[in-house]
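Novice: Let me begin by handing over the structure; questions about it come next.
The values are calculated or read from the model by the stated rules, or taken from the named source; none is laboratory data. In this text the structure is predicted, and so the values were computed from the model without any measurement. Positions of Cβ are generated from backbone atoms using ideal geometry, with glycine treated the same way; all protein chains shown enter the neighbour counts. Protein only, heavy atoms only, side chains kept; ligands, DNA and RNA dropped before computing areas. Shrake-Rupley method; radii C 1.70, N 1.55, O 1.52, S 1.80 Å.
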Amino acid sequence: MVKRARTLPWFAALLALVAVSVCIRLGFWQLERAETKTQWQQELSERAEAGRRSMAELESLQEPGNFPVMLTGTPDNEHTILLDNRIHQGTAGYHVLTPIRTASGSWVLLNRGWWPRGRERDQLPAIPAIPESISVAGRSYVYSDKVFTLADDDFTQITWPLRVQRVEMTTLSEVLGVSLLPFEVRAEPDAELETGGQMVREWTGRVMTPERHRAYAVQWFAMAAALVVLILRAALRQKRNSDKEMEA
């Protein structure tokens, strides 16, 4: 009597192929991220070498992000904005954004850095004011439109400081009653703005390097290769067992 050869379950084979495909796709995605980070670092280096720009120069650029800049103007301490869900060393807090009226009459948000939230979320922290006239070195930054938030901001009842989940310049311009520039200025880490304790300014501490992305890509490709080897070994083992059964 001839015994019927057993085959690998089709769903197991399909699952293995999907896993290999996912690993390969993630590997290429990490390589793309590495290339993007490399270009970004080159852009930062080139723009830093060009020297600090004036606010007037940045206002005329179509892509004003990532430029060293010197900001001179008058702060509006009464209408500070708190960007929620900013974490520093495991502690929840805010990025503190203060509107600045520049010497040319334009308005821009100055990101003064990170400030702790405090024990009670419903009680907003007291934000120290900055002098009536400032001149601070910083870097321009354009927020991405693709930002995930747990909930939309509610502007039906506005109180100050204003807590927001994301920075959307058009909406904040309407709330403030001024026309904000499409970028913020992030104060340099050594800037002295507040009286007393300074805010934490670590703008690039959590950015993954291109080398780390490439290392992750290698890991994903290695995992895909290992899965292929396991699939082939299982198939060969199954074939040998089937041949033995057919000969029996």
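Novice: Go through the range 126-143 and give me each residue that's open to solvent by less than 60 Å² (accessible area, probe 1.4 Å) and polar (S, T, N, Q).
Specialist: SER140, the sole residue that qualifies.
Novice: Within the range 102-125, count every residue that is open to solvent by 30 Å² or more (accessible area, probe 1.4 Å) and under 12 Å from ASN77 (Cβ atoms).
Specialist: 0
Novice: Can you say whether SER179 is open to solvent by 60 Å² or more (accessible area, probe 1.4 Å), modelled with pLDDT of 90 or more and closer than 24 Å to MET55 by Cβ, as far as the supplied structure shows?
Specialist: yes
Novice: Okay, moving on. Return the pair list, or none, for Cβ contacts closer than 9 Å from residues in the range 120-133 that are under 18 Å from GLU192 (Cα atoms) and of a type outside the set (Gly, Ala, Ser) to residues that are in a loop (DSSP other than H, G, I, E, B) and open to solvent by 90 Å² or more (accessible area, probe 1.4 Å), at least 6 apart or on different chains.
Specialist: From residues that are under 18 Å from GLU192 (Cα atoms) and of a type outside the set (Gly, Ala, Ser), the pairs are PRO128/THR195; ILE130/THR195; PRO131/THR195.
Novice: Any residue at all in the range 82-94 that's outside any strand (DSSP E or B), under 24 Å from the mean Cα position of the chain (by Cα) and closer than 19 Å to MET169 by Cα?
Specialist: no
Novice: A follow-up question, please. Looking at ILE158, ILE100, ILE130, which one is in contact with a strand residue (DSSP E or B) (Cβ under 6 Å, 6 or more places away or on another chain) and outside any strand (DSSP E or B)?
Specialist: ILE130
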